[in-house]
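Input: a single structure, listed below in structure tokens.
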Amino acid sequence: MAAVRTRIETASSLAEVYRATVDIASHLVGGDACDLFVDRDGTLEREARSAPEAAAPSDDQSVAELTHQSGTALRIDDVGRDDRFDVESDYRSFLTVPLGSYGVLQCRHRDPGAFDERALGLAVVFGGYVARELDERTGGTPGASADVRSVTSAASLLELADVMVVALDRDGRITFANRETRETLGYDEDVLVGRDWFDTCLPEECRAAVHDVFERVMAGEIDAVGRYESRVVTAEGEVRVVEWHNTVLHDADGTVTGTLSCGLDVTGREERERELGAPWKRYRTLLQAAPDPIFVADAETGEIIEVNEAAEAFRGQPREEIVGRHQRELHPPEAETAYCDLFERHIAEGGTKRRLPDGSPIYAVTADGDRIPVEISVETIELDGQTVVYGIFRDISEQLAYERALTGINEAAGDLFEVGPPSEIAERIVETVTDVLDLTGAVVYFVDEDEGCLCPVAYGPSEAVDVICEPPVFEPGESIAWQVFVDGETAVFDDVRAAEDVYNPETPIRSEIIVPLGEYGVLMVGETETAAFDERAVDLVEILGSTAGVALERAEHEQHLEKRTHQLERRTRQLERAESINTHIRDVARAVVQSTTRREVERAVCAELVETDSFAFAWIGTVDPVDDRLEPRAWAGEGREYLDCVSLSLDDASAEPSVRTALTGEPTVVENTATDMAREAWRSAALRLDLHAVMSVPLVYQETLLGVLTIYSTSQSAFSGILPSVLTELGDLIAHAITAIERKQALLANHATELDFEIRDRGCLFLRFTQETGCVIELEGIVPQSDDSSLVFVRVRNGSAGELLDAAEATSAIESARLIESDDESLVQLRFVEPFIASVLADQGISVRNISADGDACRVTVGVPPSFDIRRAVDVVSNTYPNSQLVAKRERTPSADAVEALPRRVLEKLTPRQREVLEVAYLRGYFDSPKKASGEELAAEFDFSPSAFHRHIRAAERKLFETVFENETAVSQDDPSPD
């Protein structure tokens, strides 16, 4: 204290006095923070503070208030263990002294037991001085009474102090000596005041040296020694050893006026060290330097003979009250025998122990009766022939709490792998944080991949939610949590409000740990106090986070496996069902192949489908062109009445599935007929017959709708998996079968309906060729080829065959064009590689009788068998060439003469290849005389040898002659007349 009075007395304002007071007090007594409270109308208010800038004021004013009310100083070794106060503070040790009626000076330290009696004495004297200074500055009667109170209070406290307090003037005379000083030196009250300290209280052999140092300090030549040991002599001449703490006093001008010293009688310690000798002194030096509490006991008697300062703080007692006790008194009295046995075993075995032989923890007991779990390390040594035991006590409360928490986390980790989906894992994580780790609150965030943000999925406990409110959703880049998720690194904050990317700068959460949960999200743990988490807490939360990440990954994998298993099971059921259906489909296909008429096909399909348990009702209908509705042609199963009570009109807005398919040409599937019943009346009719699912399949061939197959099931979602595709393929098969049957019937029919069409659509090549060349063309013949192309022979009239050839070769639909005859009516061969009017009609079972075209229109005459729907033939032509119309219809009556059937019977006996060769040869003029095409030329066109060509010709001729002569014989037998 180089210039205490100068700084305070020269302060220009009360605020500067307050500021100087806390600064000087912090220097005098030490401590991490000093505060000065001033009485404002009966309420203490903090006016000055000396502490590290980063520290925030603590809620610890209740200690100062008690001091102000009582007018007495307080020294508290651990405020957390003092029942008089309910204080949540970062500080453990408190030292408070009254400043008269003006207020209170309070010093605090983070460690327990930081202030001793000497510090209290200095603080009291300094507090009295400050009170007098405040009284002089404020003036008035209240000030005077305050000064008296402060001086009286200071003197009273120094009288009661358990340490020696001595004040000397600059001449070395005693100006104050408290009760402890008088009792230690053996003098009555008022005897010492006014005497020379050095002549009265110091041994003669050291008097001159100490006095010389004092004079040099008074002269300002050297600084006072803050702490040292020296000998004093009592009134009876006994020499004692005192450990002193000295402070130099100055007046307002900075002139040294004397000293204030606090001392502690350590004579007993000196005597013991002297008895133990040099080895003990070395060990005692090491003992005092050790940070852990150390109790030294006699190995034979168990009596404690020495302790260090850490042991004093641990017990909450000065060494004088500990030394001389038996070591068993350091432990709970109810287990005295167990701890005596432990002492003996420990001496014999050495090492470190934290549990009694029965497995229970070892506890040490403080002077206040608190039980603290400890770990004791023992070392036995010999010092000057005496066997002593060093017992190093380590408070393992936090370690045991850590171990309990770690055990709880391990148990919780096992539970995390047993719970179900990720949401349940998140709930269990929050429970573990709040129950096992005993933390204020926790939130688990999962990343929402669809929304691209972090969403809270579990948080708690409920009382924490009341404080911090509902956790927010974090968008990318807008919070610390998002950064932790992206970086995959834990973030720890002593005060999250000071963090750069904090989401809410006013958050009630102060301390925070954010741990990544792999690729799934983050775990946020918070406390409302600053600097609440130590390294162990962070480790525990990280362990929990790592375990949770693995558990989430495992849960996701199990969910995937479970989903996959369900999919496979569902797929297996579908395949089994599909296999069962496929068996019936094969039966359907077999019935279709064996059917000879369209009606047989339709009836067989419906009957076979309802044989399976999957389908309850099936029917096939065709579009009635007159009424514009579906007309049922065949059905099977329980549901005929359904067709009578539903509308099958193509104009119905709430279309039945079969109508919808007829309109769109696409399959229609309804998985549940019970939905949308109010808007679609057919659904109610279906449910009344227990029909819960329906599928309609179009019967389409070459883009022409032949009908609709509709199937009903009593099970919802019956038409799922691969079944729709199977039934769609079945529809294609039925359509092909119907077309094949109708083709065959068309070929076998000896009478038909002939239709004449006029086509004015530019898409018709015959019309386009005539318009481009100005010629007239007429079909001579069509020879289908094995590669799906067609050889078309046309006669060219009133025009140039060369121009037609040029126009044909420029068209992608024609691969080649060649001139066969080049007279007035040239014959041209065209190889069509794309569908054209004749091939489209032939695919539908409609035979082309004639095609002719001029610049106005292309005229087509077709033959439709009796079983064929004429409307369908019209649709085929109009769909292919929209700008076309039917101009004539006539019935072709059969001839009674059997000879008229001869060409058909001849052609039936020829193979497709023989017919193709014979027809091309005929059209190319092979049979003309002279021949217009040789056998070698025709063989080259067919890409085989001349001999093969001649074999086909001879075989065709033989079959022709056989048929002619057989027919001639038959005719002769039927009509024997020579005519």
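Among the listed pairs K889/K959; K744/K889; K744/K931, which have their C-alpha atoms separated by more than 24 angstrom in this model?
From the list (K889/K959; K744/K889; K744/K931), the Cα-Cα distance tops 24 Å for K889/K959; K744/K931.
May I ask you to list, by number, the DSSP H helices of the chain whose Cα span along the axis is at least 27 Å and whose average Kyte-Doolittle hydropathy reaches 0.5 or more?
Passing helices, by number: 723-748.
Would you calculate a helix-derived [θ] at 222 nm for the chain, using -39,500 (n - 2.57) for each DSSP H run of n ≥ 4 and dividing by the full residue count, to the nearest 500?
-13500 deg cm²/dmol
Can you tell me the length gained on complete extension of the stretch A674 to E631, counting 0.36 nm per residue apart and subtracting the Cα distance?
Length gained between A674 and E631: 12.9 nm.
Indicate the gyration tensor shape class of region 427-577 (rounded, prolate or oblate), computed on the Cα atoms with a ≥ b ≥ c the square roots of the eigenvalues: a/c under 1.5 is rounded; otherwise a/b larger than b/c is prolate and the rest oblate.
It comes out prolate by the Cα gyration axes.
In whole angstrom, note down how far apart the Cα centers of region 767-818 and region 596-661 are.
44 Å
Could you rank the peptides 24-35, 588-599 by their average count of other C-beta atoms within 10 Å per residue, with the highest value first?
Packing proxy ranking, top to bottom: 24-35, 588-599.
Return the equivalent ellipsoid semi-axes of the chain as a descending list in whole Å, where each equals the square root of 5 times an eigenvalue of the C-alpha gyration tensor.
123, 32, 28
Please list the non-local residues whose amide H lies under 5 Å from the amide H of G258, H modeled 1.01 Å from N, same-chain partners needing a gap of 5 or more.
L249
Quick check on packing: order 122-131, 338-347 by the mean number of other C-beta atoms within 10 Å, highest mean leading.
122-131, 338-347
I need the calculated FRET efficiency for the pair E600 and S423, taking r as the beta carbon distance and R₀ as 45 Å, to the nearest 0.05.
0.15
Using a 1.4 Å probe over the heavy atoms of the protein chains, calculate the carbon and sulfur portion of the accessible area of region 529-637 as a whole percent.
Carbon-and-sulfur percentage of accessible area, whole number: 46.
What is the set of long-range amide H partners of I396 at a cut-off below 5 Å, with H atoms built 1.01 Å from backbone N?
V374, E375
Roughly how many Å² is the accessible area per residue of the chain, as a whole number, for a 1.4 Å probe?
Result: 49 Å² of accessible area for each residue.
Using the Karplus curve 6.51 cos²θ - 1.76 cosθ + 1.60 with θ = phi - 60°, what ³J(HN,Hα) values do you get for each residue of region 668-673, in whole Hz, with x for Gly and Pro?
Using θ = phi - 60°, the values come out as 10, 10, 10, 7, 9, 6 Hz.
The values are calculated or read from the model by the stated rules, or taken from the named source; none is laboratory data. None of the values given here were measured: they were computed from a predicted structure. With ideal geometry, Cβ positions are generated from the backbone for all residues, glycine too; neighbour counts draw on all protein chains shown. Areas reflect the complete protein model, heavy atoms only, side chains present, ligands, DNA and RNA absent. Shrake-Rupley method; radii C 1.70, N 1.55, O 1.52, S 1.80 Å.
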